[in-house]
Amino acid sequence: MQRITRYIVFAGMVLLITGCNDLTGSEEDYSDLLPIEQGIEFSVQEAHDQSSQMNAPVEPFIQLSMDTKDIYNCMNYRIDSKLTSTPSGQRIDINGVQDQGVCLTALGPAQNDFALDLQPGDYNLTFKYQQASYNYTLTVTESSLQISGDSNSFVQPKIETFWRYPENSFTYLCSSTEDTRWMCEEFEQVLNDSLDISSFTFPDQGTKPYPSVGQQYDIASYYDYPEEAVFQEAGAMLEAYSDTVVSEHEGAYLSVINWKNQGFRSWTDSGE
């Protein structure tokens, strides 16, 4: 009887110890992560995944990106975080900054990003860090991605309004000197005279998906086209103009890039 009693006590102790170990093991250890002290900036915008093939046409997707305001000695540090879908939106649990092991020696913030598969509507964005929550609303429409909420918090938006890529659109970009600006203007006139395209503009406020004038470009124009063949023809025309005109005079850099991030450039071979 005493032997049975001792066995029961021993078995209970084993179960208790094992249970405690299981509970301890289930808690994730973030002690090796660096703290975030100055805050985080985030943006929600459209991006392209062309990792499988350079310059392949790929449709844009919605992406949430985060950067620390803290600057580290390695530019490849990563924000250790997890994205969870909730009935009302998205929750981002932030744990700290992770050392990637191999240091890319250059100053920079820690970063991370997530793809968001969202249809038009309103969504809560809840960021959690060290028992604190920072709440925003993301409004998704066919033409824009808009963030609203208290922007004076530890986690704050870098972009409040991002205009999405219009389907079947492209941008014409050109940088030049004053003496070679005529090539930029001449080729754009050729595009308008030869193709079934219509120019459009984005609103003044917010961030454009395509580059703007002043971002290394003297001309940044935006066009709609009815079908993919029209954009391919624009690329072929740019290649021909580059071979016959730009190569003879130099000093101007022309490109056409569409909503799928496929581009044709005067300083490379066609479609590179």
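The values are calculated or read from the model by the stated rules, or taken from the named source; none is laboratory data. None of these values were measured; they are calculated from a predicted model. Heads up, the Cβs are rebuilt from the backbone with ideal geometry, glycines too, and the neighbour counts pull from every protein chain shown.
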Pair list, Cβ < 6 Å and 6+ apart or interchain, from the stretch 250-270 residues that are within 19 Å of TYR210 (Cβ to Cβ) to residues that are of a type in the set (A, V, I, L, M) and part of a strand (DSSP E or B): SER255/LEU173; GLY263/ILE257; PHE264/VAL256; SER266/LEU254
Looking for something touching a residue at least 24 places away in the same chain (Cβ under 8 Å), under 19 Å from GLU37 (Cβ atoms) and acidic (Asp, Glu) - is there at least one such residue anywhere in the stretch 73-83? yes
Looking at (1) of a type in the set (A, V, I, L, M, F, W, C); (2) more than 19 Å from the chain's Cα centre (by Cα); (3) part of a strand (DSSP E or B), can you tell me which one VAL102 breaks? (3)
Wholly within the stretch 108-159, which strands (runs of 3 or more DSSP E) include no fewer than the required count, namely at least 1 residues that are out of contact with any Ser or Thr (no Cβ under 9 Å at 6 or more places or on another chain) and in the same structural domain as PHE61 (by TED's automatic domain parsing)? 121-129, 132-140, 155-157
Consider only pairs whose beta carbons are under 7 Å apart and that are at least six residues apart or on different chains; among these, list those whose first residue lies in the stretch 207-226 and is free of Cβ contacts under 8 Å to residues at least 24 places away in the same chain and whose second residue is hydrophobic (A, V, I, L, M, F, W, C). SER212/ALA220; VAL213/ILE219; VAL213/ALA220
Hey, does the stretch 172-187 have a residue that's under 30 Å from PRO87 (Cα atoms) and among the acidic types (Asp, Glu)? no
Taking the stretch 164-212 as the region of interest, how many residues are part of a loop (DSSP other than H, G, I, E, B), over 19 Å from GLY235 (Cα atoms) and β-branched (Val, Ile, Thr)? 3
Condition met for ILE36 (modelled with pLDDT of 95 or more, β-branched (Val, Ile, Thr) and in contact with a Ser or Thr (Cβ under 6 Å, 6 or more places away or on another chain)): yes
